[in-house]
Amino acid sequence: MSYGALLETMGQVNDVLNAKSVLSWDARTMMPPGGAVTRAKQLATLAVIARDLLVADSTRSQLDAAEAEVASMESDSIERTMVAQVREAIDYHLRIPAKLLHRRTELGSTGQTVWQTARANSDFAAFAPILEQTVALNREMADVIGYADHPYDALMHRFEPGETVASLTPLFARLKEGLLPIVRAIADRPEPRMDFLTRAYPEDQQLAFGRLMAQKVGYDLNRGRVDKTVHPFEVSFTRNDVRITTRFNKNHMPMSLFGAMHEAGHALYEQGVDDAYTRTPLATDLIGLYAVGGVSFGAHESQSRLWENHVGRARAFWDIHFKDAQEFYPEQLGDVSVDEFYRAINRCKPGFIRVESDELTYDFHIMLRVELERQLVDGSLKVKDLPEAWNACVKAYLGLDVPNDAQGLLQDVHWSSGQIGTFCNYTIGNVMAGQLFETAKSDPVIAAGLEAGNYEALRGYMAENIHQHGRRYSRDELLIRATGRALDPEPYVAYLTKKYTELYAL
Ligand code: ZN
């Protein structure tokens, strides 16, 4: 029964982390600003309780006994997988001194305030001391966590287990080689018509249309809901309550529409995790201390990107659904053809802001962040030299001169929360989505469904190959089971090449 006792303790860890997620969802959607200081303390307390319960002497005794109990089972059995994950997580957390965690929490809360002011004033010098402390603290973290080749590997492990500087370098090289010439060629081509996207789109209609499209791809609102926020996100409190948020710009309708489809993609993942894994390590990130069923941030992003881009920005999708859009917005889209709409939502135009960038240039924003973070962590780049290095990368990849720090290296919230190593998952998600979509579409039933506006077969493929497994298999194990090989950039490069060559008649 020791295995059963360990599972019950892991259920309690999962409960505490889900309660923390509820408080965090509330803070980002409903909470009045005055609640911020006490809410931050409540969240920090729950994180400490979850960690203490995970590494408690009593839990470790349960783990020792459970290991003995399951030792004779198959090495890939669910029981042995879960026990091994608990062992790995406890070992991980015991390597990080409480002092260091406490410093990260403190730095995260001061960092946010300093960053907000620095960004508002476009003043990197005001934020630089915080970033210096963040880099030093993350370097200490990497040293206690341990790594084989590069300290950045230890930091990525929490978000994208198994990813390393050595594995990212050739991946990025292939993406640059494949995609940069297309970005350059598009710069000389005429712009599509864009005027109708910036007409006035009432917010309640945007919310209703985003919700309709999220439902069309299979988001179950009986176990979900859609709310408004400043920075869109998905969060789950077990598979039975998976919520999404979206943001609105009255004069830019695609923001809420593709925001909703993106977050619905994340939500499908969590809603599809096997019910038998609820409250177990297979639906809990015990390293990151986060109640989530997806196996890595990159795997999660593959699902959001797949539904947002491969499905939602495809010509076939709008051949079916443009009439729905026109019904919702007769005045705004009445004089627009489906072809004009399709070209407008896929316009490629290099810009300064990552979250506003198009499908083709997005990865360049990610690659430059990962490359600069890696250099900061290994000491080859100093914080004082970061603005110059940032602006040089933007010039090299996007051909733009950064006008100020707010539109440059102060735009993202990530560093202000004390974290480094969080960016690579966006590009890994894109690459993984390309690979999964290529294989899925080779099934004639799925391909026919996409042409007919029926997404059940594609969702079923993702549920069977990805969602249901929760955290049982690693990202690359999932890819090998689904497509026959580990992460491979070729399908993604081929997809973007074909799409943009056609769009811009290159
Ligand atoms: Zn996402």
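The values are calculated or read from the model by the stated rules, or taken from the named source; none is laboratory data. The structure presented is a predicted model; accordingly, all values stated were derived computationally and were not measured. As a convention, Cβ positions derive from the backbone with ideal geometry for all residues, glycine included, and neighbour counts pool all protein chains shown. Note: accessible area is taken over every heavy atom of the protein model, side chains too, but ligands, DNA and RNA are not part of it. Shrake-Rupley method; radii C 1.70, N 1.55, O 1.52, S 1.80 Å.
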Report summary line: In deg cm²/dmol, rounded to the nearest 500, the helical mean residue ellipticity at 222 nm of the chain, built from -39500 (n - 2.57) for every DSSP H run of length 4 or more, is -20000 deg cm²/dmol
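Counting Lys and Arg as +1 and Asp and Glu as -1, what is the net charge of the other residues whose Cβ lies under 9 Å from the Cβ of A299? Each step should come with its number before you reach the end.
Numbers: positive: R475; negative: E160, E301.
Counting the neighbours of A299, the net charge comes to -1.
Can you figure out the FRET efficiency of S122 with A40, using R₀ = 45 Å and their beta-carbon distance, to the nearest 0.05? All intermediate terms of the calculation are to be shown ahead of the outcome.
On the way: r = 26 Å, r/R0 = 0.58.
E(calc), rounded to 0.05, equals 0.95.
Might you report the magnitude of the Cβ-based charge dipole of segment 2-149 about its Cα centre, with Lys and Arg at +1 and Asp and Glu at -1, to the nearest 20 debye?
Here the size comes out at about 820 debye.
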**Report entry** Positive-end residue, segment 291-411 charge dipole about Cα centroid, Cβ charges, pick of G298, N346, L333
**Finding:** G298
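Whenever you get a sec, compute what percent of the accessible area on the chain sits on carbon and sulfur atoms (1.4 Å probe). Walk me through the numbers on the way to the answer.
Values: 11070 of 20720 Å².
It is 53 percent, rounded to a whole number.
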**Report entry** Straight-distance crosslink candidates among lysines, where the alpha carbon sits under 18 Å from K395 and sequence neighbours closer than 8 are dropped
**Finding:** K176, K349
Query raised in the report: How many Å² of accessible area per residue for segment 2-149, probe 1.4 Å?
Result: 51 Å²
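Only bridges with both residues in the chain count here: give the DSSP antiparallel percent, nearest 5. Can you show the working numbers first?
Numbers: 4 of 9 bridges.
Around 45 percent of the beta bridges assigned by DSSP in the chain are antiparallel ones.
What are the semi-axes of the equivalent ellipsoid for the chain, taken as the square roots of 5 times the Cα gyration tensor eigenvalues, largest first, in whole Å?
Output for the chain: semi-axes of 36, 28, 23 Å.
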Report summary line: For E88, the accessible surface traced by a 1.4 Å probe with all protein chains present amounts, in square angstrom to the nearest 10, to 90 Å²
Query raised in the report: What's the angle, to the nearest 10 degrees (0 to 90), between helix 165-186's Cα axis and the longest principal axis of the chain?
Result: 10 degrees
Query raised in the report: Taking the Cα centre of the chain as the origin, how large is its charge dipole in debye, to the nearest 20, when only Lys and Arg (+1) and Asp and Glu (-1) carry charge on their Cβ atoms?
Result: 820 debye
Query - ³J(HN,Hα), Karplus 6.51/-1.76/1.60, whole Hz, each residue of segment 488-502, x for Gly, Pro - result: 9, x, 4, x, 5, 4, 5, 4, 5, 4, 5, 4, 7, 5, 5
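Could you sort D57, D195 by their accessible area in this structure, using a 1.4 Å probe and putting the largest first?
D57, D195
Go through K20/K441; K228/K441; K228/K499; K441/K499 and tell me which ones have a Cα-Cα distance over 27 Å in this structure. Display every interim value, and only then the final one.
Working: K20/K441 38 Å; K228/K441 33 Å; K228/K499 32 Å; K441/K499 15 Å.
From the list (K20/K441; K228/K441; K228/K499; K441/K499), the Cα-Cα distance tops 27 Å for K20/K441; K228/K441; K228/K499.
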Query raised in the report: Hey, what's segment 289-445 come to in accessible area per residue, 1.4 Å probe, Å²?
Result: 33 Å²
Query raised in the report: So who's got an amide H within less than 5 Å of the one on L400, skipping anything under 5 residues away but keeping other chains? H placed 1.01 Å off N, in plane.
Result: K395
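Report the relative contact order of the chain, percent, no decimals, based on alpha-carbon pairs under 8 angstrom and at least 6 residues apart.
Details: 722 pairs, mean separation 101.0, N = 506.
Across the chain, relative contact order equals 20 percent.
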Requested in this report: Using the charge dipole of the chain (Lys, Arg: +1 at Cβ; Asp, Glu: -1 at Cβ; taken about the Cα centre), state which of Q116, I90, G210 has its Cα farthest towards the positive end.
Outcome: Q116
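Can you check what the net charge comes to around Y3, using other residues whose Cβ is under 14 Å from the Cβ of Y3 (Lys, Arg +1; Asp, Glu -1)?
Details: positive: R80, R87; negative: E8, D64, E67, E69, E79.
Result for the local shell: -3.
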Query raised in the report: Between V48 and S474, how many nm apart are label points set 7 Å from Cα along the C-beta direction?
Result: 3.5 nm
**Report entry** Whole-angstrom gap from segment 272-298 to segment 200-255, using each part's C-alpha centre
**Finding:** 23 Å
**Report entry** Estimated FRET transfer efficiency when R0 is 22 angstrom, pair I287-E490 (beta carbons, to 0.05)
**Finding:** 0.15
Report task. Between D324 and D401, with labels modelled 7 Å along Cα→Cβ, what's the label distance in nm to one decimal, could you check? Result -> 4.5 nm
Requested in this report: Give me the percent of Cα-Cα pairs in segment 2-149 that sit more than 28 Å apart, rounded to a whole number.
Outcome: 38 percent
